[in-house]
């Protein structure tokens with residue numbers, strides 16, 4: 001009852017509002033083309049019929065929600081998962097490079113953070129470059145990575161995953177630097193009184209203290225990885241994947257396809273963030289976290 | 001009383017000056033002090049008198065800038081490296097991701113004791129601080145007093161002869177504090193450890209100590225050292241006896257002489 005009041009009602013209200021606004025704009029944006037069509041066909045439909053037509057164009061400027069829903073449903077549930085029109089197949093292609101890139105990115109981020117926390121020179125020299133790396137637009141970098149790697153014979157999953165890595169190592173590195181530095185002075189003094197070695201302090205104090213920071217930054221990183229994988233599919237001439245679906249939809253003005261690929265991407269992103277969140281909560285519980 | 005026993009801590013002309021952005025701050029100046037084995041020495045004074053700093057110098061958490069200090073006949077650094085003392089902080093400083101018994105085990109893991117030896121020491125120290133039955137609890141499941149008792153157990157498990165305690169009961173209410181004071185005394189009596197205890201409570205200092213070191217601020221220095229005439233066995237109601245009140249009055253006089261009550 002409580003969660004119904006505090007979560008479901010507000011979320012549903014916003015959803016209904018968004019869908020209503022979407023319908024209004026679908027009518028407004030599709031109307032000029034429909035008016036054009038009607039004029040050429042010498043038809044003068046009534047208001048209701050006209051609105052109905054704007055919401056059922058085959059290649060609308062803005063597809064209506066139900067058109068996207070139908071397309072999404074057909075391409076998700078009614079197609080065999082091996083078909084290259086299946087959204088599940090395309091989502092899997094993108095997901096596999098997302099996960100590989102995310103794993104690389106998390107590992108790289110942690111290694112960089114450990115280096116920065118333990119080596120003063122790296123703290124001064126590496127951090128500005130890490131921040132600078134994220135100011136370069138990924139759309140400019142992605143094709144170069146693909147081309148350079150293809151030149152040395154690396155193609156397929158790895159180049160796409162590396163673009164995900166490029167986007168996802170950053171939040172993990174920044175979050176872990178903060179996490180590894182999060183132990184209180186008193187806890188560090190305590191380890192000092194025990195004459196603990198640097199590696200004992202690292203494993204017994206810094207690492208466990210950084211775990212909450214790791215999961216928070218991994219939530220950001222996994223979403224960034226997905227964006228990286230989709231962007232990575234755009235300049236590669238990829239034949240499958242959510243990015244490839246978006247590009248193909250754009251070439252052939254299949255606006256409904258674009259939108260349903262977009263929905264598929266959001267669903268994957270939501271699932272990924274949720275999985276990381278659940279993993280974080282399980283780890284927190286196992287580490288004696290106070291139930292909220 | 002303390003003269004015959006070998007010195008556990010010995011300081012002469014000890015001084016410590018912190019360099020801050022507002023210029024040098026003299027935290028300790030000209031401290032001469034000898035602490036014998038088995039003594040219970042309290043350091044009392046207003047905040048800023050350097051009592052915590054002195055304890056941190058003994059523990060090698062701060063380096064003195066003048067004078068000399070030895071712990072068990074070694075430099076504080078050597079003493080720390082040979083794990084000569086257990087330190088209890090103002091807060092319990094337990095690791096929230098470890099159960100109480102794993103917290104007590106932390107120093108034992110660091111020294112590299114066997115699992116069996118660890119279990120043995122955990123059991124013994126948990127009994128000493130009356131926490132048996134709470135081994136599997138996480139710190140947040142315990143009251144403040146119990147958490148501080150767990151942190152004392154952790155310091156005891158280290159099994160050093162010297163126990164350094166920095167206002168360990170400062171954040172606790174008076175009832176819990178009385179209780180823990182009583183327990184600490186009986187623990188000291190049973191284990192025969194040397195204890196250095198920082199406090200800003202006069203009754204606490206008089207009740208616990210065999211010697212009371214009165215300190216004053218600006219610069220932090222020792223103004224008086226008072227030998228207690230109370231016997232080792234001290235029930236709580238000893239605090240109403242004339243003997244107790246006389247010592248408390250001397251401590252208060254010492255603080256006043258050091259201008260501790262002035263602004």
Cα centroids of the range A:107-147 and the range B:214-250: how far apart, whole angstrom?
60 Å
Simple spin-label estimate for residue B:252 and residue B:179 in nanometres, 7 Å along Cα-Cβ:
2.9 nm
Comparing B:116, B:59, B:248, which has the greatest mean-square fluctuation in the GNM of chain B with Cα pairs linked when under 10 Å apart?
B:116
Contour minus Cα-Cα distance for residue A:266 and residue A:147 (0.36 nm per residue):
40.0 nm
log₁₀ I(q)/I(0) of the range A:2-62 at q = 0.24, 0.25 Å⁻¹, via Debye over equal Cα point scatterers, no solvent, to two decimals?
-0.93, -0.97
With a 10 Å Cβ neighbour count serving as the proxy for reagent exposure, in which order, fewest first, do A:189, B:120 appear?
B:120, A:189
Assuming R0 = 35 Å, can you tell me the calculated FRET efficiency for the pair residue A:207 and residue B:259, based on Cβ-Cβ distance, to the nearest 0.05?
0.15
Once you've got the GNM for chain A with C-alpha springs shorter than 10 Å, pick whichever of A:66, A:118, A:192 has the biggest mean-square fluctuation.
A:192
Say we join alpha carbon atoms closer than 10 Å with springs in a Gaussian network model of chain B; which of B:185, B:236, B:156 then has the biggest fluctuation?
B:236
Cβ-based exposure ranking for B:224, A:123, in which fewest neighbours within 10 Å come first
A:123, B:224
Of all DSSP beta bridges located in chain B, what percent are antiparallel, nearest 5?
55 percent
Modelling each spin label as a point 7 Å along the Cα-to-Cβ direction, I'd like the residue A:290/residue A:134 distance in nm, to one decimal.
3.0 nm
Mind checking the mean number of beta-carbon atoms from other chains within 10 Å of the Cβ atoms in B:90-98?
5
With r defined as the distance between the Cβ atoms of residue A:69 and residue A:119 and R0 fixed at 60 Å, what FRET efficiency is calculated, to the nearest 0.05?
0.65
Shape of the range B:1-129, Cα gyration tensor, a/c cut at 1.5:
prolate
Under the 7 Å Cα-to-Cβ spin-label approximation, residue A:25 and residue B:21 lie apart by a distance in nanometres of 4.8 nm
Counting other beta carbons within 10 Å of each Cβ, put B:102, B:124 in order, fewest first.
B:124, B:102
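We did not get these values from a lab; they are worked out from the coordinates using the rules stated. The shown structure was predicted, so the numbers you read here are calculated from the model rather than taken from an experiment. With ideal geometry, Cβ positions are generated from the backbone for all residues, glycine too; neighbour counts draw on all protein chains shown.
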